[in-house]
Amino acid sequence: MKINLVMIVKNEERCLRKCLKAVKPLVDEMIIADTGSTDRTKEIAGNMGARVVDFQWVGDFSAARNYALEHSDADWNLILDADEYLRPCSRKGLEKLLAGREGKWLGGITRYDSYRDEEGISRSASVLPRLLPKGVGYTGLIHEQPEGDWPCYPLPLAADHDGYLYEDKGERNLPYLRRAVEECPEDGYYKFQLAGTLRNLKRQEESLEHFRDFYRLVRPEEGYRGEGIVLYLYTLLDVGTQECLDEAAAVVKREEGNLGSWPDFCFVCGLFYMKRVLSDVERHISLLPNIEKSYLRCLELGERPGLGGVVGTGSFKAAYNLGAWYEVSGQRELALKYYRMAAKDGYGPAKERLRKM
């Protein structure tokens, strides 16, 4: 069985050596399509033993991916970006898993994204189809996806991604996404990506139009549906008008049966109920217990990286919010209990509350 690494790169001298060093023990060959680097990217790739081919950029990420794949003769192609670093994995164990499942399917890797927020640096997890069998290529102008409707099964492969700490590609991606939406106006995935990009650029009100389209268009079985709904809810809460809170209430009610076993959904529900009560205490006071219930449900579910989402919504972030809830409601001992739970996981805000209490 042959496994190759297949990548596209441009000006990745910051991280490429680290990426290739981590993945090299797992693969037979490393194939890199360079789309126009002006730094030391190609030199680094060559020094690390990769085969480098040049691709004339045509404004289409799938075209670049497929060009790189054309140069691979492997049974399986592992797709990474230069700012992703594979965690150690047994080649023998991976081959056994790949050989043990019949038919055509895609292998999912768990990617942990680090990003900056008001708390410093947080992490989120997502399972992405990145190990492709021979003959499977890519489709889509941007945020490209494997062709075909093949099932994706998680593999014991995980990678750490640090690109969001160094570069925001939102402005770069925006014209491609607008073009993709214009060409495919009924594609829920492009609507989701455009909405998320606008949200990350702090253009929440503009993003809502596209979140609403995404929600209307997305099929129940799509893997990105849950993430899109949670981001949709966060955006409604950020805008925070009464109309947006009413809209969020309808989404929460509609999706509780579908997403109620996912910590990220329960976490945003806790935030929603808090905002809902504060928006009109007399009218919504009956929702008060739902704040506590939402965060307790998060802790009951625990961390579920296989489902994707923000690290901590099933542990320390939920425990901290419970502590805050109990503190403001005058339940000091319970507040201390949950602050300590969050602090045990190293959560800085919880340590600070404990110090002040």
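Normalised size of the chain, defined as Cα radius of gyration per 2.2 N^0.38 Å with N residues, equals 1.08.
The Cβ shell under 12 Å around D28 holds other residues with a net charge of 0, Lys and Arg each +1, Asp and Glu each -1.
Rounded to the nearest 5, the antiparallel percentage of DSSP beta bridges internal to the chain is 50%. The solvent-accessible area of M274, taken with every protein chain present and a 1.4 Å probe, is close to 80 Å². Our compactness index for the range 110-194, the C-alpha radius of gyration over the empirical 2.2 N^0.38 Å, is 1.27. The residues of the range 185-340 present an accessible area of 47 Å² per residue when probed at 1.4 Å with all protein chains retained. By how many degrees, 0 to 90 and rounded to 10, does the Cα axis of helix 332-344 deviate from the longest principal axis of the chain? Tilt of helix 332-344: around 10 degrees. Given R0 = 30 Å, the distance between the Cβ atoms of S279 and R219 translates into a calculated FRET efficiency of 0.40.
With all pairs of separate Cα atoms included, the range 15-147 yields a Kirkwood hydrodynamic radius of 16.2 Å.
On a 0 to 90° scale, report how tilted helix 316-328 is relative to the longest principal axis of the chain, with both axes built from alpha carbons and the result rounded to the nearest 10. Long axis of 316-328 versus the principal axis of the chain: about 20 degrees.
Taking all protein chains as present, what is the carbon and sulfur share of the accessible area of the range 235-284, in % to the nearest whole number, probe 1.4 Å? Carbon with sulfur: 51 percent of the solvent-accessible area.
Sorting R219, R212, R297 on solvent-accessible area from highest to lowest, probe radius 1.4 Å, gives R219, R212, R297. Build a GNM of the chain with springs between Cα atoms under 10 Å apart, and of V53, V230, V127 the one that fluctuates most is V53. Calculated accessible area for the range 114-179 comes out at 54 Å² per residue, all protein chains present (probe 1.4 Å; ligands, DNA, RNA ignored).
Within the set of other residues whose C-beta is less than 14 Å from the C-beta of L86, count the net charge using Lys and Arg as +1 and Asp and Glu as -1. For residues surrounding L86, the net value is +3. For the range 265-275, the Karplus equation 6.51 cos²θ - 1.76 cosθ + 1.60, evaluated at θ = phi - 60°, returns couplings of 5, 4, 5, 5, 4, x, 5, 4, 4, 5, 5 Hz by residue, with Gly and Pro reported as x. The alpha carbons of the range 144-191 occupy a box of 38, 34, 13 Å along the principal axes, longest dimension given first. The residue list F55, N321, L201 was ranked by how far each Cα lies along the charge dipole of the chain toward its positive end, using unit charges on Cβ atoms, and N321 comes out on top. The packing ranking of peptides 231-242, 39-50, 313-324, highest mean first, is 313-324, 231-242, 39-50, where packing means the average number of other beta carbon atoms within 10 angstrom of each residue. Taking the Cα centre of the chain as reference, the dipole from Cβ charges on Lys and Arg (+1) and Asp and Glu (-1) amounts to some 1340 debye. For the range 57-111, the share of alpha carbon pairs falling in successive 10 Å distance bins from zero is 16, 45, 34, 6 percent. Helix 170-183 and the longest principal axis of the Cα set of the chain meet at an angle near 80°.
Note on the range 82-134: the alpha carbon radius of gyration divided by the globular reference 2.2 N^0.38 Å gives 1.49.
Ordering G306, A335, N258 by the projection of their Cα atoms onto the charge dipole of the chain, which places +1 on the Cβ of Lys and Arg and -1 on the Cβ of Asp and Glu, puts A335 at the extreme positive end.
The values are calculated or read from the model by the stated rules, or taken from the named source; none is laboratory data. All values derive from a computational prediction rather than experimental measurement. Glycine gets a Cβ as well: all are built from the backbone with ideal geometry, and neighbour counts include every protein chain shown. Just so you know, the surface numbers come from the protein's heavy atoms only, side chains and all, with ligands and any DNA or RNA stripped out. Shrake-Rupley method; radii C 1.70, N 1.55, O 1.52, S 1.80 Å.
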